Amino acid sequence: ELLGGEYHAVTERIRQEVKTVSWILKNNGKILEDICLDPQTVEEEVLINGAIILDSYLKSVTLIRGLGMNTDRLHRPVNVVANEIVANIHDQFEQYEPRAILGEITVAANNVHGDMDITVEIVGVKKE
């Protein structure tokens, strides 16, 4: 057990989340800290891939320069760019994780820190 009990606790929590009808990915800067990177099911793979999409920036991933969130919109008002961000998320999932069935995507401004909170609901997984 390289990572001990903490690793197994996170893995079990994710397995419980995957059993539900849908689950939420929230890009809060710590999204990959809460996800086990050793998937045991297709649903866990989709969850991990979705988290990586939301946590990556465009042109930052070697050999996959198109993966990730577009940073051109970071310093613009959320009410102006929210629809562009949602469209970008749909495009990213369509290209890099087409098995995910997306539900509601919300973009909100955190006025205290000036950050954007992006929440993606995955309502299911397409069977191949």
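The values are calculated or read from the model by the stated rules, or taken from the named source; none is laboratory data. Everything numeric in this text was worked out from a predicted model, so none of it was measured. Neighbour counts run over all protein chains shown; Cβ positions are idealised from the backbone, glycine included. For the accessible areas, the whole protein counts, side chains as well, though only heavy atoms, and no ligand, DNA or RNA atoms are used. Shrake-Rupley method; radii C 1.70, N 1.55, O 1.52, S 1.80 Å.
Identify the residue in the stretch 72-84 that is open to solvent by less than 60 Å² (accessible area, probe 1.4 Å) and out of contact with any helix residue (DSSP H, G or I) (no Cβ under 6 Å at 6 or more places or on another chain) and, among all such residues, is modelled with the highest pLDDT.
Here the answer is A82.
Just to verify a result, which residue in the stretch 55-71, among those that are hydroxyl-bearing (S, T, Y) and either in a loop (DSSP other than H, G, I, E, B) or under 17 Å from I122 (Cβ atoms) (or both), is most open to solvent (accessible area, probe 1.4 Å)?
Among those that are hydroxyl-bearing (S, T, Y) and either in a loop (DSSP other than H, G, I, E, B) or under 17 Å from I122 (Cβ atoms) (or both), it is T62.
Just the residues that are among the acidic types (D, E), free of Cβ contacts under 8 Å to residues at least 24 places away in the same chain and either assigned to a loop (DSSP other than H, G, I, E, B) or touching a strand residue (DSSP E or B) at 6+ places or on another chain (Cβ under 6 Å) (or both), please, taken from the stretch 72-107.
E104 - this is the single residue of the stretch 72-107 that is among the acidic types (D, E), free of Cβ contacts under 8 Å to residues at least 24 places away in the same chain and either assigned to a loop (DSSP other than H, G, I, E, B) or touching a strand residue (DSSP E or B) at 6+ places or on another chain (Cβ under 6 Å) (or both).
Give the residues of the stretch 91-120 that are at pLDDT below 75, open to solvent by 70 Å² or more (accessible area, probe 1.4 Å) and of a type outside the set (V, I, T), sorted by residue number.
Within the stretch 91-120, N111, H113, D115 meet the criteria.
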